[in-house]
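S.K.: My structure is below; once you've seen it, I'll send some questions.
Please treat every number below as a calculation from the coordinates, not as lab data. Predicted model only: the values in this text are computed from it and were never measured. For neighbour counting, all protein chains shown are included, and Cβ atoms are generated from backbone atoms with ideal geometry for every residue, glycine included.
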Amino acid sequence: MVYAAAAMTGSCDRETIDLERRRFLAWSAAASVAFLAGCEATTRLSPVPSPTPSVDRPTPAARPPRSPATATQPPTSTPEPTQAAPTISPRPARRRVLYRDGALADGRSDRLTVGVSVLVEDGVVRWIRPSDDEGPLGSRSSLEVVDASGSTIVPGLVDCHSHVTLPGGAHWIERASDPPERLLAYAEANGRLLTAAGVRWARDVGAPRGRDPIDGRVRALSLGVRDRWRDRPEMPRIRAAGTWLVRTGTRPAEITLGVPDAAALLDAALAQLDDGADLVKLYLDGPDPTRSPWTTAEVRRVVEAVHGRGARVTAHATNLDGATVAAEAGVDAIEHGFVLDADVARTMAAKGVALVSTLTVLRSWLTFARTTRLERFASAAGRAALAERLERAEASVRAAHAAGVSVCTGTDFGGGSARANQLAWEVESLVAAGFEPWEALAAATWRGGELLGEPTAGVITEGGPADFILVHGDPTSDPAALWRVWHVAWAL
Ligand SMILES: [Zn+2]
């Protein structure tokens, strides 16, 4: 198995870095230290964003407005007092939370900015400032202060390959045949797991079709979940693909939507959009697992029609042929991409096709060698085949990265064996495959937001939603820090 641990430290001298860190911290609290990506730039300084002049400052002199009714209608029933008692109509109290003295990592570089405070008002990031220069804070009585010291503030994570209606586990495929009521219960549990793990956005790339027991509609069950969670701020934001579209004979008919020919494929894709899907998911593994079930022209026709409706297309492809067809047809992303070569990687980069990596699937299967009696995982032959497959998949994600393809993280939880709170596993897996930790963090934050087409997903900015988390540790040097989420700002 290829582990690129050298990428973590290279030849950097850690003592030098620590010395630099101490010197720098003595100089200013608003700074950052980086020790990745080679030693020619061992330490870089990163000033905290400057104060924003347009911030709404509290106005102590402001008085609550009088009720118009009270102001215009004199009292009629009582002679005393002679002047109408004003009815106070106070402005609804703003919820103000100050996160004080944390570090900040946004996945845009290897910099960790320390000494950062963030003020949140009613769920909006009002400002991001140096902790030693916060400026006026207004009324202290209405201000809740969270001691963020020793934590890193990270944008809410984006899981680009998920299946919110399914629970995962070693029998994940069987669970897809559970009744709709059960699938919605899985979704509810998954939503809580995602939030606790700091995942703000989940891109659902396939759900069983059935009658939703709540809204009564017959469609992919993820769509009703997505709609209902819009009104629940504590639950993840979902973008959903509807049901998997496969060539008949590829996957169990009761779970997926099988189509016999290219004309039916196009109809089925547009029908998914009619159902309310945000994107379309094509299966480019076919009955013959080494061959794409559709030609490039057939896939391109679907891509053009779906793009014409303002939606996106993604392609499941675990073999080289399917990935090549998907890339040449110009889909928006390839899921898994376990077998890619330099040629297809170049095509992906040229056409702006993202890769959603799901190495977690293979790592999860590796654990089943010890926790299950399933021959596929537990036998010596099974373990060897899996190790080889992981090695090939790691080489593929490296090839995509080297070609300049945008790589986004996915767990495949539910539709694969992983669980909903395991996105940190994918970040770790990318680092093990050779990514710098900050690049893996980018894959789990803003790059995922770009794939979703959601400008607020995976980013933290002044004026944007307070969709961030606090983790214990530094994810720019240690991806395992993402397992240590202790505070989720939007779920307060
Ligand atoms: Zn999947």
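S.K.: Just add up the charged neighbours of Ser142: K/R +1, D/E -1, any other residue whose Cβ is under 9 Å from the Cβ of Ser142. Present the calculation step by step, with values, prior to reporting the outcome.
M.R.: Values: positive: Arg94, Arg95, Arg96, Arg140; negative: Glu144.
Charge balance in the 9 Å sphere: +3.
S.K.: Moving on. Which of rounded, prolate, oblate describes the stretch 157-457, given a ≥ b ≥ c as roots of the alpha-carbon gyration tensor eigenvalues and a/c under 1.5 marking rounded, otherwise prolate only if a/b is larger than b/c?
M.R.: Values: a/c = 1.22, a/b = 1.07, b/c = 1.14.
Verdict is rounded for the stretch 157-457.
S.K.: Is the stretch 228-371 best put as rounded, prolate or oblate by its Cα gyration tensor, with a ≥ b ≥ c the root eigenvalues, rounded for a/c under 1.5, and otherwise prolate when a/b is larger than b/c, oblate when not?
M.R.: Details: a/c = 1.29, a/b = 1.02, b/c = 1.27.
Here the stretch 228-371 falls in the rounded category.
S.K.: Another question, then. Cα centroid distance between the stretch 311-365 and the stretch 115-143, in Å?
M.R.: Spelled out, the Cα-based centre of one part sits 42 Å from the other.
S.K.: Note down the net charge around Ala481, summing +1 for each Lys or Arg and -1 for each Asp or Glu among other residues with Cβ under 12 Å from its Cβ. Numbers along the way, then the final one.
M.R.: Values: positive: Arg484; negative: Glu428, Asp474, Asp478.
Around Ala481, the charge tally is -2.
S.K.: Can you give the net charge of the other residues whose Cβ lies under 10 Å from the Cβ of Asn319, counting K and R as +1 and D and E as -1? Each step should come with its number before you reach the end.
M.R.: Numbers: positive: Arg291; negative: Asp285, Asp288, Asp321.
Around Asn319, the surrounding residues sum to -2.
S.K.: Amide H neighbours of Arg219 under 5 Å, counting only residues 5+ apart in sequence or on other chains, H built in-plane at 1.01 Å?
M.R.: Under 5 Å from the amide H of Arg219: Gly210, Asp212.
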